[in-house]
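Notes to accompany the following structure.
The values are calculated or read from the model by the stated rules, or taken from the named source; none is laboratory data. This structure is a prediction, so every number in the text was calculated from the model and none was measured. Here the Cβ positions follow ideal geometry from the backbone for every residue, glycine too, while neighbour counts run over all protein chains shown.
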Amino acid sequence: MKKAGFVELVRRVLRETRVDPGWLEPEVTESFIMSQAEEAIGMLDQLKEMGVQLAIDDFGTGYSSLSHLKRLPVHKLKIDRSFVQGVPQDNNDAAIALGNSMQLRVIAEGVETEQQQDFLRAEGCDEGQGYLYGHPVSGADFLSAWQRR
């Protein structure tokens, strides 16, 4: 699918389903943004104008320039698990501080221990993902669990 067609696809699906755009949160990898910065920023701007929430995924793996990062119309910064693995022993919280200074919600990927969770929370991380909270499940298993709620 062409990237230019992606924005129109999102617009059409939102119109047809009448889903609130704020419930949609595409995750765009840092490496994609850096490989096509101007085109990606234009696409993300259009999605944000629709009210779609946006997240940068795997932050810290693509060596993004801060000048590009400042221009991105994103709401969340998902820190790659490689930054989380050594916490709290290796307490490098620069990615969390960067996200907070840009007024983004910061999500840590790969949270596996309560010690990591406690450290991240104390450093201002807003959300976490990882085996501490649950393991991946198939779509069918998720739907079944959701329907039992």
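Tell me yes or no: at least one residue of the range 82-94 is at pLDDT below 95, of a type in the set (D, E), surrounded by fewer than 17 Cβ atoms within 10 Å (Cβ to Cβ) and under 28 Å from K70 (Cβ atoms).
Yes: one or more hits.
Here G130 clears all of (1) assigned to a loop (DSSP other than H, G, I, E, B); (2) at pLDDT below 85 except the condition numbered (2).
Within the range 133-149, the only residue that satisfies the criterion of being of a type in the set (K, R) and either touching a strand residue (DSSP E or B) at 6+ places or on another chain (Cβ under 9 Å) or in a loop (DSSP other than H, G, I, E, B) (or both) is R149. For the range 16-41, filtered to residues that are surrounded by 11 or more Cβ atoms within 10 Å (Cβ to Cβ) and more than 20 Å from L104 (Cβ to Cβ), the residue that is modelled with the highest pLDDT is V19. Does A4 satisfy the condition of being touching a His at 6+ places or on another chain (Cβ under 9 Å) and at pLDDT below 85? No: the conditions fail for A4. From the list A108, A145, the one residue that fits, being at pLDDT below 95 and within 15 Å of S82 (Cα to Cα), is A108.
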